[in-house]
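First comes the structure, then the notes that go with it.
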Amino acid sequence: MSPTTNTGNQVRVIDTGAPPARYARGWHCLGLTRDFDDGRPHQISAFGTELVVYRGEDGKVNVLNAFCPHMGGNLAHGTVKGNDIACPFHDWRWRGDGKCASIPYARRVPPLARTKAWPTLEVSGQLFVWNDPQGSKPPAELEIPAIPTYGDPGWTDWVWNSIVVEGSHCREIVDNVVDMAHFFYVHYGMPTYFRNVFEGHTATQIMRSRPRADAAGVSTSTNYSTESQSDASYYGPSYMVDKLWSGGRAGAGEPNIYLINCHYPITPTSFRLQYGVMVEKPTGMDDAAAEEVAAAVAKGVAIGFEQDVQIWQNKSRIDNPLLCEEDGPVYQLRRWYEQFYVDIEDIKPEMVNRFEFEIDTERALQNWQAEVDANLAAGRSAIPAHLQAASA
């Protein structure tokens, strides 16, 4: 007779795994183009190396490896001369395509004088760089979509923020795509509808939610029964466009807020998180007041993101999360995300085939509302004191 297995004393052991050594294939946003328009070279730490970003006199922005192949000079400390970047060490001039254009003191340029040039893309006032460990050119079908209202006089410009996250892999932020529950605890919303769709290189989160009445200051609305709507899609591994309908406009017409949530890896265990907000100017409001509205929206977003960062920096990496059914399709999302970390020929159908999942939020809402009511009755804020002080 075989012994009866007793599972009552078994405990779940976390498998921390290890972050991939390679960096995700795809377009990565380096920031706003306006920040590179000063005629100077800029150094960016990304993909385990150093890059130099500069705009030539022809208006084209270029991204090269930062260190000169001649004697290792830092091109980001050099000078933009015409359409070339000149090394501060010996004035070797490098073109945007990576070829050495000239050496002022030499008769000829060595045939092998070439450095890596990174493909770039400028969309909606943002600069993107293409990374691929296999060295392929970016396919047209993976191009980042434009924000249709960018540059429209009826909309504000970007309010942009950036945070370096140490001790975490980029997967931590991507996991949020399916994490319905964390929107209550971290971003101070009460999701009333939550659905995911993964297909090809896109991962979408469709959510309707109400603001928490015990977290005043996060939402620009004080009508806590009014739903907002969010349709957020990752285009590739690192760039999300979130279309938001706020102020009772859920499900009606076009969004009145665009939120960008993006990042690029610095090392396998650090990345730069960036997020930007652009809002439709309310009718009759002047530009200065509209910019204040955009800043207020960005401030509310920042409170949630700052808490995200604190969690990522202090949590364990976990490859085998223990889930309940309301936690959403974490493993399916990670299979989708894996496509960007394998060679193109190793992409499997389950990484890109269409997958849909909707979470039942009824029980969560009942318990959350009870918690909010208890906080309001006791005069407590759901926002931690240190974040209240920081945002004051």
Please count how many residues of region 145-176 are more than 30 Å from Pro321 (Cβ to Cβ) and surrounded by 14 or more Cβ atoms within 10 Å (Cβ to Cβ). 9
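Specify which of the listed residues (Arg335, Arg317) is basic (Lys, Arg) and assigned to a loop (DSSP other than H, G, I, E, B).
Working: Arg335 fails: assigned to a loop (DSSP other than H, G, I, E, B).
The match here is Arg317.
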Residues that are at pLDDT 90 or above, over 21 Å from Phe183 (Cβ atoms) and touching a Lys or Arg at 6+ places or on another chain (Cβ under 8 Å): does region 273-290 have at least one? yes
If we scan region 314-336, do we find a residue that is free of Cβ contacts under 8 Å to residues at least 60 places away in the same chain, open to solvent by less than 40 Å² (accessible area, probe 1.4 Å) and over 20 Å from the mean Cα position of the chain (by Cα)? yes
Selection count where residues are loosely packed, with under 14 Cβ neighbours inside 10 Å and either touching an Asp or Glu at 6+ places or on another chain (Cβ under 9 Å) or in a strand (DSSP E or B) (or both), scope region 78-121: 3
What pairs can you find where one residue is in region 36-59 and within 15 Å of Ala117 (Cβ to Cβ), the other is loosely packed, with under 15 Cβ neighbours inside 10 Å and of a type in the set (Asp, Glu), and their Cβ atoms are less than 9 Å apart, with a gap of 6+ or different chains? Arg55/Asp37; Arg55/Asp38
Which ones in region 291-323 are more than 18 Å from Glu166 (Cα to Cα) and modelled with pLDDT of 95 or more? Asp319, Asn320, Pro321, Leu322, Leu323
If you scan region 260-296, which residues turn out to be in contact (Cβ under 8 Å) with a residue 24 or more places away in the chain, open to solvent by 10 Å² or more (accessible area, probe 1.4 Å) and of a type in the set (Val, Ile, Thr)? Ile266, Thr267, Thr269, Val293
Among the residues of region 122-138, which ones are surrounded by fewer than 14 Cβ atoms within 10 Å (Cβ to Cβ) and at positive phi? Gly135
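Could you list, in sequence order, the residues of region 337-370 that are among the acidic types (Asp, Glu) and either at positive phi or in contact (Cβ under 8 Å) with a residue 40 or more places away in the chain (or both)? It would help to see each step written out before you state the result.
As a first pass, look at region 337-370 and keep what is among the acidic types (Asp, Glu): 338, 343, 345-346, 350, 356, 358, 360, 362.
Within region 337-370, Asp343, Glu356, Glu358 qualify.
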Taking Ser225 as the residue in question, decide whether it is hydroxyl-bearing (Ser, Thr, Tyr), crowded, with 21+ Cβ neighbours inside 10 Å and either under 27 Å from Glu280 (Cβ atoms) or at pLDDT below 95 (or both). no
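The values are calculated or read from the model by the stated rules, or taken from the named source; none is laboratory data. In this text the structure is predicted, and so the values were computed from the model without any measurement. For neighbour counting, all protein chains shown are included, and Cβ atoms are generated from backbone atoms with ideal geometry for every residue, glycine included. What goes into the accessible areas is simple: the full protein's heavy atoms, side chains included, and nothing from ligands, DNA or RNA. Shrake-Rupley method; radii C 1.70, N 1.55, O 1.52, S 1.80 Å.
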